[in-house]
Amino acid sequence: MSPGDNPFYTALTLILSMDQGLFAIVILSLKVSLFAVLIASILALPLGAALALWHFPGRNALIVLLNALMGLPPVVAGLCVYLLLSRAGPLGQFGLLFTPTAMVIAQVILVFPIIAALTRQQVEALHSEYAEQLRSLGLNQLRMMPTLLWDARFSLLTVILAGFGRASAEVGAVMIVGGNIDGVTRVMTTSIVLETSKGNLALALGLGIVLLTLVTLINALAHLVSETSKRRLG
Amino acid sequence: MSTPLGSPAMSPTSESPTSESPAAESPAVEPSSTMASPIMPIATSSVPTLCIDQVSFEHRGNRLLAPTTLSLSGCQRTLIMGPNGAGKSLLMRLAHGLLRPSSGQVVWEGQTPVQAMVFQRPVLLRRSALDNLTYALAVRQVPRHQRKALALQALEKFGLAALAKRPARVLSGGEQQRLTLARAWLLNPQVLFLDEPTSALDPAAIKAVEDAVLEFHRSGTRIVMTTHDLHQARRLADNVVFMHNGALLEHSPAEAFFSSPTSSEAAAFVRGELVW
């Protein structure tokens, strides 16, 4: 086995060579996934909290739907966004297909149900503990929302990380709506698919190791932040 | 007003925790101007009468509270007693408005008073002790620049000043319950509900809570409290509501209740027998 066939050696050379192409791919991967998680969080955290606090007809159906959508196959999400954004589609006029924006949209659709469904669970659990005290203080559901979201912040960080994991790992959606165009929409996962199909297995695996390292770093950072503030605030 | 209000009686360490008649019961009532909560003085006599009129409560077809009529007026300490499952907490939640009666109504004569409630298990937010208090002030729309000073005063009063920055949820059980009392104090309630506030505490912490209850009462707050501790009821009660099996059996002045209860269940309870 020559050094070039060893994925760990390849990964190390990739990182040490500071290859411009690789660098661009890594940055785009992070940008797309983090941006998707940010947008999904802004939408899904309040929705999840609202779903925990309000009881209305159809609530259970909505919860089941969100839980089911956690398992939405990325290719299906990609296909739907593709149809929406393609020239003939309803949003075709914006010319977003095969751009990073399209990739963000597709990943938001994948991440949103995860964050919303898990937030609903966390907030509902906290609400059952806080409800009487908060109502005794005179809060209605709307005013409880920010309190509960803030007090559940440590578990919600884990929820958001779960969403980030989904976004950074998926390949089906970004492949379809991004197209894996070199220098424009190529990200880590689509590169891995490409290199695998070309037979560059060591390079593909090397890219995989780089991706895994990055995701681990981000998770470690989040864990550190959460643990320190947890120790400080109980 | 800026001086710490914590009287020696507030300190849980000074006295034998089992003493039957705590010193706080006897001393001359201090001037109400220094005892009142700093937000605004309470007019002692104006606590609206609470009328619980034929109130019943059912849950999933089970009748948990038979139609109950009860009237509480003045600035009195009412102790609701009875064995577990008698409906004490239920009646209190209905009175406070946390639960809606299945039938009958809860009416305040005149304006609905400012109320606060202290629960059996302290419910504290995942923030510092100080932030728990400023949060309550924010909810009651006290201007932002006043909150911290008021909260610090309340912490001082309840002997928690040194713990201001500590996370509320790592405090001991007794400290947590004192913190919920400090929070209730800041709300300046005319009526304070307490649901077995001492059932999970050690004698020193129980003493601190009872002293705080008396302090609320001195400042003109009506006390409505549940307990199944006879000794505690004897120490605190002006009048006693006795409940059993989801029904109110008796409401009488404390002395009459303890010396000559009318129902056989209450008599057995006062004798310390097990009531079913």
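Since every read-out is calculated from the coordinates, none of them should be taken as a lab result. From a predicted model like this one, the values you see are computed outputs, not experimental measurements. Here Cβ is always computed from backbone atoms with ideal geometry, including for glycine, and neighbour counts include all displayed protein chains.
Side notes on the structure shown:
- Loop-located trypsin sites (Lys or Arg not before Pro) across the range B:153-189 with a Cβ neighbour count of 16 or fewer within 10 Å are B:Lys165, with loop assigned by DSSP.
- Space enclosed by the convex hull of the alpha-carbon atoms of the range A:26-233, per residue, Å³: 131 Å³
- Relative contact order of chain A, defined on C-alpha pairs under 8 angstrom at six or more residues apart (%): 32 percent
- Residue among B:Val142, B:Phe257, B:Ser199 farthest towards the positive dipole end of the protein assembly as shown, charges placed on Cβ: B:Val142
- Taking a straight line from the alpha carbon of B:Lys165, these aspartates and glutamates sit under 12 Å away, with near neighbours fewer than eight places off in the same chain left out: B:Asp131.
- Rounded to two decimals, the Cα-based Rg/Rh of the range A:193-234, with Kirkwood Rh, is 1.38.
- Inter-label distance, nm, simple model (7 Å from Cα along the C-beta direction), B:Thr69/A:Arg232: 5.9 nm
- DSSP beta bridges confined to the range B:47-271 are antiparallel in about 50 percent of cases.
- Of A:Leu211, A:Leu224, A:Ala61, farthest towards positive along the dipole that unit charges on Lys, Arg, Asp, Glu beta carbons give chain A: A:Ala61
- Annotation for the range A:136-204 versus the range B:110-135: alpha-carbon center distance of 38 Å.
- Estimated purely from DSSP H runs of n ≥ 4, each contributing -39500 (n - 2.57), the mean residue ellipticity at 222 nm for chain A is -26500 deg cm²/dmol once divided by its residues.
- Among beta bridges identified by DSSP and lying wholly in the protein assembly as shown, the antiparallel ones come to about 50 percent.
- For the protein assembly as shown, alpha-carbon Rg relative to the globular expectation (2.2 N^0.38 Å, N residues): 1.31
- Fluctuation leader among A:Leu134, A:Leu22, A:Leu110 - chain A, Gaussian network, Cα springs under 10 angstrom: A:Leu134
- The ellipsoid that matches the Cα gyration tensor of the range B:189-256 has semi-axes, each √(5λ) in whole angstrom, of 20, 15, 11, with the longest given first.
- Kirkwood Rh, Cα atoms: Rg over Rh of the range A:103-155: 1.12
- Peptide A:131-140, shielding by other chains (average Cβ, 10 Å cutoff): 6
- Loop-resident chymotrypsin sites (Phe, Trp or Tyr not before Pro) (DSSP state other than H, G, I, E or B) in the range A:1-89 with no more than 15 further Cβ atoms inside 10 Å of their Cβ: A:Trp54.
- Overall, the range A:26-233 carries a charge dipole of about 200 debye about its Cα centre when +1 sits on the Cβ of Lys and Arg and -1 on the Cβ of Asp and Glu, all other atoms neutral.
- Shape summary of the range B:126-276, radius of gyration then Dmax from alpha carbon positions: 17.9, 56 Å.
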